[in-house]
Amino acid sequence: MRFCRAVTSVFCAAAVLSSLGAWAQEATAKSELLVVFQEHVKPSKGEAYVAAVKDMVALLTEEKADSPAFDLWTYSAPDFTYTYVTPMASMGDLDTMHEAWSALYKGPDKARWSSFDARINDAISGSSRTIVAHVTSASYKPPKPRLSEEEARYRWVDTFSVVPGKEGEFVGLCKGLAELAAKVGYGDPWNVYSIVVGDRIPCFFVVSNAKDQGDYAESDRAFTQAAGEEGKKIFARIMAVTQHYDGHGEWYRPELSYQTPTRLKTLEIEEGPEKPEEKGEAPGGTGGEAKPGEKTVAPAPAPAPTKPPVKKK
């Protein structure tokens, strides 16, 4: 019961949320939440892992699973880390998610679901799970984004472990950088997320989207140049309240993702019908194989955890 166990683990951690600082409680109460589940795949088992996840997605599709708990946006990194993102409206949704996944393992296809677990567990070396809150006030959304969602299949994730007690200052600095981005007419959005349940607190993710790694690097360079000395000063202050920083790139994997019929209907209403297109293997060697004419699905309409409001030198 892979995802079921993941949700149970997160639920147990969420039970201590009331003991966390005011920042985490405020973020949880006011923001959109995402459950982020990661699996670290053994390099020698990459193909077997992808095949098992594809089979899992195929069974969800076959069963027309329609609980919001099954909405999965999947990303893969070159180090064979696979990230699954599921939106939820409130912490109370954890109960529903646990019940929905548990029901699959008790239904007519319980043997098949158990086989997925066995195959996937054999292919991974570890896993982790967190809940993050979207920090809307610190994020940036240009009036006319440079790229469409279909073009922006690559994302860069910056991770900032912040000095305890400096969360508000970090968010304030991100707001300042967002204002500077608007001032210079920067065309690429970024989203900021705060971990509210997990091992790394206080910690923030900054998620940026691009066509690929080269496109991200060029966009990053352009913003650094446009932001000038003012941007450098804000960046220096951000690093002053950061204990540890790391960053990595990853690709959106539509063939390993699943959106429920209800979610797809919502996307069609909001964005119009999707057009079929071919999907290829994600660059970096972590991808599945193309299926000509297979329908792709737009990246998560809810922001999902990395263009950082902070630029690296």
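What is the distance in Å between the Cα centroid of segment 52-100 and that of segment 158-235? Between the Cα centres of segment 52-100 and segment 158-235 lies a distance of 27 Å. Taking 20 Å as the limit for the C-alpha separation, the pairs K144/K211; K144/K183; K175/K232; K144/K232 exceed it in the case of K144/K232.
Ordering 108-115, 191-198, 174-181 by mean Cβ neighbour count within 10 Å, with the highest value first, yields 191-198, 174-181, 108-115.
What's the long-distance tail for segment 28-68, i.e. % of Cα pairs beyond 13 Å? Provide the component values of the computation, followed by the final result.
Numbers: 572 of 820 pairs.
Taking all Cα-Cα pairs of segment 28-68, the fraction more than 13 Å apart is 70 percent.
All of the numbers you see were taken from the coordinates with simple rules; none came from a lab. Small disclaimer: the values here were computed from a predicted structure and weren't measured. Here Cβ is always computed from backbone atoms with ideal geometry, including for glycine, and neighbour counts include all displayed protein chains.
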